[in-house]
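Heads up: the structure comes next, in structure tokens.
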Amino acid sequence: MTGQMTNSSSQQIPRRPLGKTGEQVSIIGLGGYHLGAVQSRELAVRLVQEAIDAGVTFLDNAWEYNDHRSEEWMGLGLQGRRDKAFLMSKVCTHGRDKKVAMQQLEESLKRLGTDHLDLWQIHEVVYENDPDLHFAKGGVVEALDEAKQQGKVRFVGFTGHKSPAIHLKMLAHDYAFDTVQLPLNCFDATYRSFEQQVLPELQRRGIAALGMKSLGGDGQPIVYGVVRAEEALRYAMSLPVATTICGIDSLDVLQQNVKIARGFKPLTSQEMHELRVRCRPSSGMAISSCTKQQKIRR
């Protein structure tokens, strides 16, 4: 089910192709949101440095995370290591125009201490009319094109976590997205499923899937013993994704996830089926934070 992995020895974090881009990225990524919420700047910097040194190449972020602290702290951690990272951040126009997007890009670049992003994604496509707003004349999609033309962005994509139908509406515009970020976990598979509805379309189009929320959104299924962190993460990583972005807020969690990633072997189809069946009774609860009622953005 998964793409061809390289660097698959037990001492290295494997990498997978990033769709049709020609790039390869680590099969786990460092999430930017949790990074900006740790107890100190020093810990955040150390997490970035140790993740990269361990072989995590994919770094996730967004312009608005933690009042911009996530980008600032990641930028500090990237000093001297930028060439080892595939750096992504997200533009947070939320329906506003290209001018706002381009200003946010400049601010992201400055905070991250780089002259370009490897990947720039539209953040939180979660409202019914978001696709129309993003593709409107003067909208954020025009900013994606302009940023690529200026050499400030290499690849582009979009993210969202509430509705497979909205993802499909974005894809229906037939824009040349390189990536799409979406929640993929053993609960999603049986409840308003991105895995069943969106993932096949991404494969058909050759767009790289970036998995997120592998523990069900807020980790509550782990707390209540519904599923173990390792099996939940392994399920998400066993899907046809380029990388699975992980919320890492401590050195212990980083070490745990690196250990899982090194020498990773995908679950069998039968193992994945059994895990979905076991998690089905908790599916609505586990991802309720990701699937609130759809609304119109005003």
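Taking the solvent-accessible surface of protein heavy atoms with a 1.4 Å probe, what is the per residue accessible area of segment 28-109 in Å²?
Accessible area per residue: 39 Å².
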Got a sec? Which residues in segment 104-128 would a label at residue 175 touch, if it sits 7 Å along Cα→Cβ and we count backbone N under 16 Å?
-> 104-105, 119-128
Summing -39500 (n - 2.57) over every DSSP H run of at least 4 in the chain, dividing by its residue total and rounding to the nearest 500, the 222 nm mean residue ellipticity is -11000 deg cm²/dmol
Can you pull the accessible area of residue 97 for me, 1.4 Å probe, Å² to the nearest 10?
-> 70 Å²
Accessible-area composition of the chain, carbon plus sulfur, in percent [1.4 Å probe] | 46 percent
Residue 97 to residue 203: FRET efficiency via 1/(1 + (r/R0)^6), r the Cβ-Cβ distance, R0 30 Å, to the nearest 0.05?
-> 0.40
Where nothing but the Cβ of Lys and Arg (+1) and of Asp and Glu (-1) is charged, how large is the charge dipole of segment 64-139 around its Cα centre, in debye to the nearest 20?
-> 260 debye
Theoretical FRET efficiency, 1/(1+(r/R0)^6), r = Cβ-Cβ of residue 280 and residue 230, R0 22 Å, to 0.05 = 0.65
Chain lengthening between residue 83 and residue 129 when straightened (0.36 nm per residue, less Cα-Cα) = 12.8 nm
Orientation-averaged projected area, Cα convex hull of the chain (nm²) | 14.0 nm²
Counting Lys and Arg as +1 and Asp and Glu as -1, each charge on the Cβ, what is the dipole of segment 89-184 about the Cα centre in debye, to the nearest 20?
-> 180 debye
For the chain, with the dipole built from +1 on Lys and Arg beta-carbon atoms and -1 on Asp and Glu ones, taken about the Cα centre, which of 273, 61, 119 lies farthest toward the positive end?
-> 273
When the charge dipole of the chain is computed with +1 on Lys and Arg Cβ and -1 on Asp and Glu Cβ about the Cα centre, the Cα farthest towards its positive end, among 38, 87, 237, belongs to 237
Apply 1/(1 + (r/R0)^6) to the Cβ-Cβ distance of residue 68 and residue 255, taking R0 = 35 Å, and write down the FRET efficiency to the nearest 0.05.
-> 0.80
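The values are calculated or read from the model by the stated rules, or taken from the named source; none is laboratory data. On a predicted model such as this, the values are computed, not experimentally measured, just so you know. Reconstructed Cβ throughout: ideal geometry from the backbone, glycine too, with neighbour counts over all protein chains shown. All accessible areas refer to the heavy atoms of the entire protein, side chains included, with ligands and DNA or RNA removed. Shrake-Rupley method; radii C 1.70, N 1.55, O 1.52, S 1.80 Å.
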